[in-house]
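Worksheet: the structure to be examined is printed underneath.
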Amino acid sequence: MRERPLSPHLSVYRFQYTMLLSITHRITGVGLSVGLVLFAAWLIAAARGPESYAHAMLVLGSAPLRVLYALWLLAFAYHLANGIRHLAWDLGVGLEKREARRSAWIVIVGAIVLFLVLAWFALVVRGEAP
Amino acid sequence: MRHGVYHWWAQRITAVLLAPLTLWIAFALATLPLDDHAATVQWIGASWHPVAMALAIFAVSYHSQLGVQVVIEDYVHAGSLRSAALGASLLAHFGVAAAALYALARIAGGATP
């Protein structure tokens, strides 16, 4: 069979920064999918009892993973904010070019605010500053 | 309903469910004393938490599987490799969901030592 052109054929479009939000939605989505494994590991460790849990937390609470949690938190905040933007588009809201550019900035600011609020709860309120 | 339409709907319905559920879990993970096993298990098993958590695990696994499927379909073009990747993703998602739900059931049922 002859090779047919397959999407996504990105090279035909002029670059616009809204594209960056689109690809970031994918990248953060895949990253969060990987994070699910750790969430499941945490639940399993908790179900196995205090000793298994304490043992697992040595790994789950280790410094390299804490760095990853910060990245996951940022990915989550972004994916949630941009996901709401996608749901609005599905309702036919905000599809004009100018509106899409404006909502892009709302998503970026909203994601950073959500990230900072959750990080503040985790590190300052709970008192686990590294 | 055509398959593509179903996929589209499932992705959005799970998204709507996940917006509040994941915010709830994220806030819990940010505020719980996670080093304290008793407190952690008590929170997971408290009143309606296991039901909401089960719904979240189901919705997030489904949403994630659908999303990864689209990414594979867009970037992996070779037929056999694509099928293998799709199958592996489906199995991994089923596995993670099953393990998480089993652990949750044990905690909620008080089977945790």
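No lab work stands behind these numbers, since they all come straight from the coordinates. Bear in mind that the values here come from a model prediction, so they are computed numbers and not experimental data. When we count neighbours, we look across all protein chains shown, and the Cβ atoms used for this are built from the backbone with ideal geometry, even at glycine.
Details
- The requirement of being assigned to a helix (DSSP H, G or I) and either loosely packed, with under 14 Cβ neighbours inside 10 Å or more than 10 Å from chain A (Cβ to nearest Cβ) (or both) is not satisfied by residue B:30.
- Residue list for the range A:95-116, restricted to those being within 13 Å of the chain's Cα centre (by Cα) and more than 24 Å from residue B:9 (Cβ to Cβ): A:108, A:110, A:111, A:112, A:114, A:115
- So residue B:82, is it part of a helix (DSSP H, G or I), free of Cβ contacts under 8 Å to residues at least 24 places away in the same chain, farther than 17 Å from residue A:43 by Cα and not small (Gly, Ala, Ser): yes
- All told, residue A:92 falls short of being assigned to a loop (DSSP other than H, G, I, E, B) and more than 22 Å from residue B:15 (Cα to Cα).
- Among the residues making up the range B:33-73, those that are within 10 Å of another protein chain (Cβ to nearest Cβ) and either small (Gly, Ala, Ser) or in contact with a Pro (Cβ under 6 Å, 6 or more places away or on another chain) (or both) are B:37, B:38, B:45, B:56, B:61, B:64, B:67.
- Residue in the range B:53-62 that is part of a helix (DSSP H, G or I) and over 14 Å from the mean Cα position of the chain (by Cα) present: no
- Qualifying residue in the range B:98-111 (condition: in contact with a His (Cβ under 8 Å, 6 or more places away or on another chain), part of a helix (DSSP H, G or I) and within 14 Å of residue A:40 (Cα to Cα)): no
- Filter result for residue B:46 (more than 10 Å from the chain's Cα centre (by Cα) and loosely packed, with under 15 Cβ neighbours inside 10 Å): yes
- Filtering the range A:43-84 to residues that are among the aromatic types (Phe, Trp, Tyr) and facing another protein chain (nearest Cβ under 7 Å) leaves A:53, A:76.
- The numbered conditions (1) under 20 Å from the mean Cα position of the chain (by Cα); (2) more than 12 Å from every other protein chain (Cβ to nearest Cβ) are all true for residue B:21 except (2).
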